[in-house]
Number of protein chains: 2
Amino acid sequence: MEEALGGQLSRTVLVRIRSALPSLRPSERAIAELVLADPSRAAMMSIADLAEQGGTSTTSVVRFYKKVGYSGYSDLRLDLARETARESLANNVPAGVYEDINTSDSLRDIVSKIAFNETMSIADTAQVLDVDKLAQAVEAISTSRKTDIFGVGAGGLVGEDLQQKLHRIGLTSFSWSDPHAALASAALLDGDGVAVAVSHSGTTMDTVDFLLAAKAAGATTIAVTNHADSALGRTADIVLSTAARETPFRSGAMGSRIAQMMVVDCLFVGVAQRSYDASVSALKKTHAAVQSRKLA
Amino acid sequence: MEEALGGQLSRTVLVRIRSALPSLRPSERAIAELVLADPSRAAMMSIADLAEQGGTSTTSVVRFYKKVGYSGYSDLRLDLARETARESLANNVPAGVYEDINTSDSLRDIVSKIAFNETMSIADTAQVLDVDKLAQAVEAISTSRKTDIFGVGAGGLVGEDLQQKLHRIGLTSFSWSDPHAALASAALLDGDGVAVAVSHSGTTMDTVDFLLAAKAAGATTIAVTNHADSALGRTADIVLSTAARETPFRSGAMGSRIAQMMVVDCLFVGVAQRSYDASVSALKKTHAAVQSRKLA
DNA sequence: GCGGTTGGGTAAATTATTTACATGGGCCGA
DNA sequence: TCGGCCCATGTAAATAATTTACCCAACCGC
């Protein structure tokens, strides 16, 4: 009973109550049984409620939770709430989220499946992402004079996102959507430049050509791709791997785009952190700049 | 917010707090931020504790939780406990992921924090997303003659993403980045048209103007925003709410963009599913079309 | 039947919460 | 620049919850 400490470390209230049961006196036991019968309801009752429903007094309720090991009633209450929340979650895993989306899915199913898929894409990518490589990429971009970014289709949007972000902390970067313009810019890079290519498959010719041009010009090349051993991956100096789940509606490219965004965010925050004060001040300025276009 | 009912049915406290944030007064917001910074700790604090730590008074704490939609403090407390229990189970969360990113974080920490933040943004959004509203939006877009999409900054990228997706299944849609062009196109909409606006805050003037123009022209208007009670939300016929976590590096807009993407994906898949065969065949064609630009 | 022990409760003390009301600072019109 | 008004916030009183102090009754062994 000496483990006061607020009770938050306690494992499983219900188990403790159950094991204390034999040592409880009748009126305390009545309370215990009430709690065990419906813990989530109990969590929402006051001491007085509990006492009344158990046909006893508030004092007995107090004695009950002290014997179970709590120093205060709200500690018990919170633990009860936590534990029931945990259990309801465990029973709540929506069936079939792994499957692809089909005609019989309700909109609710679709939302669940997409949420699951995208969540997993992020989690997997976080796991797969090589922090050393990320550090190299951060270093390269931070010290770069100019960063050219290229991707087509969905990858292009991710590239634009990175460009917007880098720009906002005062770095010079360009995101190209036209392959010719991208090639031209890449050709003008030098040893102080960086080229970033975004492609899920890593097989898009234009994207590979872009990195090749940048490499030929002497720049550091970075690839964001799901397939490190693709043409793109083999070309790049630094490969940042995504781990997207591309199940539902394959061509929607939902998981891959989310995973790429996540990598780009890490890249951005890593770069911003290296010059923290300058970045924060730049972000403040850029934020303030758009405030005039906002309503109250 | 009509779901008082003691709070036990409430979806995701943190989401509610976050979306109420802009409408809170400074001292209330201090409390809100304290809670968001460490919800599980907040669950164990009394009103007085919270007031003291927030440098304000108990009254402000009361006003805070009333605005967020709770009728009593213990309701909030319990929900906080439930939710943090759920989250810590969902992805046995490394310590400190709630905090903002700071100079002492390693790259590994950064990756963890971003992954957690984005994962939760998706999960929260999935929970908060109103399926009926989504169905209405899907219906409107599916039967629309033309869909105009507008957003600025990060919202613009999300809009482009939606445009690309709709286009790929053969629907006529445009994503505008220039506000004048957007207004012009919106003005030409009619009852068969749909306008989609993407804005986290819902307060960007250009975006609101765009929806107003579309509405005046007779089109169905859809808003994707974190703040349903913003100017944008009040303007739109259909509001699709996101529930982004905007903690780390606030202006990075990472959580909001991910959440918006997720909503857009649901919209897209919903629309695609309504005409499943046509969509799948269109997707095959568009996929095949870009194969020629790919390497073996 | 009498001291002591055990179970249980009443009511008072303490602490937490909610509500009512007061204050002060900023903004707008004159 | 002044006065009034409103908004944000706080102080303090009222209420409701909790915890503690203390009391009573039943039972048990002698």
Suppose we keep only residues that are at pLDDT below 85 and of a type in the set (A, V, I, L, M, F, W, C) within the stretch B:43-98. Which one would you say is nearest to DNA strand C (Cβ to nearest atom)? B:Ala85
Considering only the stretch A:5-80, give the helices (runs of 4 or more DSSP H) lying wholly within it that have at least 3 residues that are more than 13 Å from chain B (Cβ to nearest Cβ). A:13-20, A:26-37, A:47-53, A:58-68
Test A:Ser104 against the criterion of being at pLDDT below 90, in a helix (DSSP H, G or I) and more than 14 Å from DNA strand C (Cβ to nearest atom), and give yes or no. no
Checking B:Ala140 against (1) facing chain A (nearest Cβ under 9 Å); (2) at pLDDT 85 or above, only one condition comes out false. Which one? (1)
For the condition of a type in the set (Val, Ile, Thr) and at pLDDT 90 or above, what is the one hit in A:Thr207, A:Thr247? A:Thr207
Residues of the stretch A:168-193 being touching a Ser or Thr at 6+ places or on another chain (Cβ under 6 Å) and within 14 Å of chain B (Cβ to nearest Cβ), in sequence order, are A:Arg168, A:Ile169
So which of B:Thr225, B:Thr204 is β-branched (Val, Ile, Thr), within 14 Å of another protein chain (Cβ to nearest Cβ) and more than 26 Å from B:Arg274 (Cβ to Cβ)? B:Thr204
Name the residue that is surrounded by the fewest Cβ atoms within 10 Å (Cβ to Cβ), counting only residues in the stretch B:219-237 that are modelled with pLDDT of 95 or more and not in a strand (DSSP E or B). B:Asp237
Counting just the residues of the stretch A:62-87 that are more than 7 Å from DNA strand D (Cβ to nearest atom) and of a type in the set (A, V, I, L, M), which one comes out surrounded by the fewest Cβ atoms within 10 Å (Cβ to Cβ)? A:Ala85
Listed residues B:Leu157, B:Leu162, B:Leu134; which is among the aliphatic types (A, V, I, L, M) and more than 9 Å from chain A (Cβ to nearest Cβ)? B:Leu162
When you go through A:Val128, A:Val196 one by one, which is the residue that is more than 10 Å from chain B (Cβ to nearest Cβ) and under 20 Å from the mean Cα position of the chain (by Cα)? A:Val128
Of the residues in the stretch B:47-68, those that are touching a residue at least 24 places away in the same chain (Cβ under 8 Å) and either over 26 Å from B:Glu87 (Cα atoms) or not β-branched (Val, Ile, Thr) (or both) come to B:Gly54, B:Gly55, B:Thr56, B:Ser57, B:Ser60, B:Arg63, B:Phe64, B:Lys67
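The values are calculated or read from the model by the stated rules, or taken from the named source; none is laboratory data. Quick caveat, the model's predicted, so the values are computed rather than measured. Here Cβ is always computed from backbone atoms with ideal geometry, including for glycine, and neighbour counts include all displayed protein chains.
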